[in-house]
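Taking it in order: structure first as structure tokens, then the write-up.
Every read-out reported here was derived from the displayed coordinates using simple, explicitly stated rules and does not represent laboratory data. The shown structure was predicted, so the numbers you read here are calculated from the model rather than taken from an experiment. Cβ placement follows ideal geometry from the backbone for every residue including glycine, while neighbour counts extend to all protein chains displayed.
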């Protein structure tokens, strides 16, 4: 396959304009993953602290009831991190496809649009898991009757 002519400056600038929104999405995903990891670390630290309480103490049984809820939160956060990571990978692929398509002078609108929609879908799933995890964490602190 012959090496293609390099794209013109106008073509490259058009691709750069087209990947601006995905670049913002990548920045948002990076900050979001940081938030998810910090929440995950707090949940894991709390599980470890509860596990460290000696069995003989009366409060262990009461506090031990929180462990299944904390594990559920950890599962939701882990899924959210996976969804966000998948979103970031798809967004990177989108940018790569856009530049390679410009280089080979191929139409890429449909492929890029599909990748962007799927990346946003995974980001939405990650946000939904954060909402579910937050709901569980808020209910942890409600007074028990």
| request: Rounded to the nearest 10 degrees, what's the angle between the helix 20-52 long axis and the longest principal axis of the chain, both from Cα atoms, 0 to 90? | output: 20
| field | Gaussian network model of the chain, springs between alpha carbon atoms under 10 Å - residue of 12, 76, 120 with greatest fluctuation | value | 12
| field | For the chain, built as a Gaussian network whose Cα springs stay under 10 Å, the top-fluctuating residue of 99, 24, 32 | value | 24
| said: Please compute the modelled spin-label separation between residue 12 and residue 124, points set 7 Å along Cα→Cβ, answer in nm with one decimal. | reply: 3.6
| Helix 9-18 axis, angle to the chain major axis (alpha carbon atoms, nearest 10°) | 30
| request: Treat each spin label as a single point 7 Å out from the Cα along the C-beta direction, and report the residue 34 to residue 67 distance in nm. | output: 3.4
| query | Roughly what angle does helix 67-103 make with the longest principal axis of the chain, taking Cα atoms, 0 to 90 degrees, to the nearest 10? | reply | 10
| note | Among 22, 68, 54, the residue with the largest mean-square fluctuation in a Gaussian network model of the chain built from Cα contacts under 10 Å is 54
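Any idea what % of Cα-Cα pairs in the chain are farther than 27 Å?
So the pairs more than 27 Å apart make up 44 percent of the total in the chain.
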